[in-house]
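The values are calculated or read from the model by the stated rules, or taken from the named source; none is laboratory data. Just so it is clear, the model here is predicted, and its values are computed rather than measured. Using ideal geometry, Cβ is built from the backbone for each residue, glycine included, and neighbour counts are taken over all protein chains shown.
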Amino acid sequence: MCFKVNVSGEKKDESQIAVALYDKNGRQIAKVEGSEGMIEVEDAIFWDPSNPYLYKLNVTLIHDGKIADEYYLPVGIRIVEVKDKRLYLNGKPVYLKGLAKHEDSDIRGKGYDPVIAMKDFNLLKWIGANSFRTSHYPYAEEILNLADEYGFLVIDEAPAVGMNFFNKNEKVFTLERINQKTLEHHLEVIRQLIARDKNHPSVIMWSVANEAATYEDGAYEYFKTVIDEVRKLDPTRPVTLVESSFPDETKVGSLVDVICVNRYYSWYSDPGRLDLIEFQLEKELKRWFELYQKPVIITEYGADTIAGFHSSPPMMFSEEYQCEMLKRYHRVFDRLDFVIGEHIWNFADFATKQEVRRIMGNRKGIFTRQRQPKMAAFLLKERWQNSEHKKLEE
């Protein structure tokens, strides 16, 4: 375990630093003097969702023989790797079961709320999820603290959504200036994100953007700069970019470690055609793997659903339609060994601006905005907790 301590202040060069590591029971494992070094942990207990074991790192600043300051940091020891078709945690393959989320709730609105956060984590445990994505911005650090403690795997996403400033074919000075300013800001938020969240064991992957126009000329050059910066700052975690482009269109598929795809067959495309889902989805996912030979996570799929609306046969906006859509997606996932995760859009209904395709907000939640389960929540609970499918048990 490597560490580096930064000290500020006029007398920082006159102070001494002591770093100690304690186990969960408060027993000191090791103690090192100095602002930079390595702590070796014999017989380390690895952090994972089934046992989110946290050590405690204690940094003490000593000046004139007295303690001037102390800092405590929960520390989880774990290794994340992408090899061949799989994602590995501590040398074992892991399959991501979960949902994309928003920091939003009824009455309180957008932003961090400690009571809602605890409710949400209990619901994630109840439904059998092991992961979520911070769509589409960094969440409050308290959320990551809870993920560390409760054992959830997190795809940590930068605040970059729907970007389309990359077209180099347009020889317009103002466009190139916008591109450069955007890139500078993007790099800055990436640096801030990694600096803040790099010590959280729950964070297993960085996502640099969501649904950017990766099919445009200039996207490769732009995102290569961003992803190179991520790898320089943190070579220990895989990097992704969440795609809405198709596999033959994107310019950036070769840059990432994991292909993440948002797709809404039978909703935004061919609405109502549940019968087309499996053919269309399987054909597309196979093409992603054929072109890039990288594991795939479906980071968004789902249907707007009004709690209490029922229909036979399943019709759009009914709870039956949401369940039937999910079942057909899952049958495809289970057939493809390079699919390593499923994140449904969305954990809970959330507020949006008013428009004709929104019925008082986005209703794709598995839970209502008040955190009550829809039929689909029980479908997922059965799949994620009781499935005999080997992939889901990994």
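I need the full set of residues from segment 75-103 which are in a loop (DSSP other than H, G, I, E, B) and among the aromatic types (Phe, Trp, Tyr), in order please.
Just the residues of segment 75-103 that are in a loop (DSSP other than H, G, I, E, B), to begin with: 76-79, 84-85, 90-91, 94-95, 101-103.
Matches in segment 75-103: Tyr95 only.
If you go through segment 82-108 and keep only what is touching a strand residue (DSSP E or B) at 6+ places or on another chain (Cβ under 6 Å) and without any contact (Cβ under 8 Å) to a residue 24 or more places away in the chain, you end up with just Tyr88.
Just to verify a result, which residue in segment 311-344, among those that are closer than 29 Å to Pro295 by Cβ and of a type in the set (D, E, K, R), is surrounded by the most Cβ atoms within 10 Å (Cβ to Cβ)? Lay out the reasoning, then the answer.
At the first step, the residues of segment 311-344 found to be closer than 29 Å to Pro295 by Cβ are 322-344.
Those left that are additionally of a type in the set (D, E, K, R): 324, 327-328, 331, 334-335, 337, 342.
On the way: Glu324: 19, Lys327: 15, Arg328: 19, Arg331: 13, Asp334: 16, Arg335: 12, Asp337: 13, Glu342: 25.
Looking at the filtered set, the residue picked out is Glu342.
One residue stands out among those in segment 362-380 that are assigned to a loop (DSSP other than H, G, I, E, B) and surrounded by 17 or more Cβ atoms within 10 Å (Cβ to Cβ): the one that is farthest from the chain's Cα centre (by Cα), which is Lys374. Regarding segment 381-388, can at least one residue be identified that is assigned to a loop (DSSP other than H, G, I, E, B), modelled with pLDDT under 95 and not β-branched (Val, Ile, Thr)? Scanning segment 381-388, I find at least one residue that is assigned to a loop (DSSP other than H, G, I, E, B), modelled with pLDDT under 95 and not β-branched (Val, Ile, Thr), so the answer is yes. Annotation for segment 107-120: at least one member residue is surrounded by 13 or more Cβ atoms within 10 Å (Cβ to Cβ), at pLDDT 95 or above and closer than 16 Å to His343 by Cα.
For segment 122-145, the set of residues classified as assigned to a helix (DSSP H, G or I), closer than 15 Å to Leu99 by Cβ and of a type in the set (S, T, N, Q) consists of Asn122 only.
Yes or no, residue by residue, for (1) touching a helix residue (DSSP H, G or I) at 6+ places or on another chain (Cβ under 6 Å); (2) modelled with pLDDT of 95 or more; (3) of a type in the set (Val, Ile, Thr); (4) at positive phi:
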position: His63; (1), (2), (3), (4): no, no, no, no
position: Ala68; (1), (2), (3), (4): no, no, no, no
position: Ile79; (1), (2), (3), (4): no, yes, yes, no
position: Asp84; (1), (2), (3), (4): no, no, no, yes
position: Tyr88; (1), (2), (3), (4): no, yes, no, no
position: Lys92; (1), (2), (3), (4): no, yes, no, no
position: Leu96; (1), (2), (3), (4): no, yes, no, no
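Among the residues that make up segment 113-127, is at least one of them at positive phi and not basic (Lys, Arg)? No, because not a single residue in segment 113-127 is at positive phi and not basic (Lys, Arg). Is it the case that some residue within segment 146-164 is at pLDDT below 95, in a loop (DSSP other than H, G, I, E, B) and surrounded by fewer than 18 Cβ atoms within 10 Å (Cβ to Cβ)? Yes: one or more hits. Just wondering, is there one or more residues in segment 66-84 that are assigned by TED's automatic domain parsing to the domain that holds Ser8, β-branched (Val, Ile, Thr) and over 20 Å from the mean Cα position of the chain (by Cα)? So far as segment 66-84 goes, yes, one or more of its residues are assigned by TED's automatic domain parsing to the domain that holds Ser8, β-branched (Val, Ile, Thr) and over 20 Å from the mean Cα position of the chain (by Cα).
One line per residue, one yes/no per condition, for (1) aromatic (Phe, Trp, Tyr); (2) in contact with a Leu (Cβ under 9 Å, 6 or more places away or on another chain); (3) assigned by TED's automatic domain parsing to the domain that holds Glu157:
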| site | (1), (2), (3) |
| --- | --- |
| Val258 | no, yes, yes |
| Arg263 | no, yes, yes |
| Glu282 | no, yes, yes |
| Phe289 | yes, yes, yes |
| Gln293 | no, no, yes |
| Ile306 | no, no, yes |
| His310 | no, no, yes |
| Glu319 | no, no, yes |
| Lys327 | no, yes, yes |
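Scanning segment 341-379 for residues that are over 14 Å from Ala129 (Cα atoms), in contact (Cβ under 8 Å) with a residue 40 or more places away in the chain and among the β-branched types (Val, Ile, Thr) gives Ile359, Thr368. Tyr222 meets each of the listed conditions (1) modelled with pLDDT of 95 or more; (2) under 30 Å from Ala195 (Cβ atoms); (3) touching a helix residue (DSSP H, G or I) at 6+ places or on another chain (Cβ under 7 Å) apart from (1).
With the condition kept exactly as written, say whether any residue in segment 31-43 is in contact (Cβ under 8 Å) with a residue 40 or more places away in the chain and within 19 Å of Lys198 (Cα to Cα). Even if it seems obvious, please write down each step before you answer.
Kept after step one, since they are in contact (Cβ under 8 Å) with a residue 40 or more places away in the chain, are these residues of segment 31-43: 41.
From what is left, the residues that are within 19 Å of Lys198 (Cα to Cα) are none.
No - not one qualifying residue is present in segment 31-43.
Scanning segment 12-60 for residues that are under 29 Å from Tyr88 (Cα atoms), surrounded by 13 or more Cβ atoms within 10 Å (Cβ to Cβ) and in contact with a Gly (Cβ under 9 Å, 6 or more places away or on another chain) yields Phe46, Trp47, Asp48, Pro49, Pro52, Tyr53, Leu54, Tyr55, Lys56.
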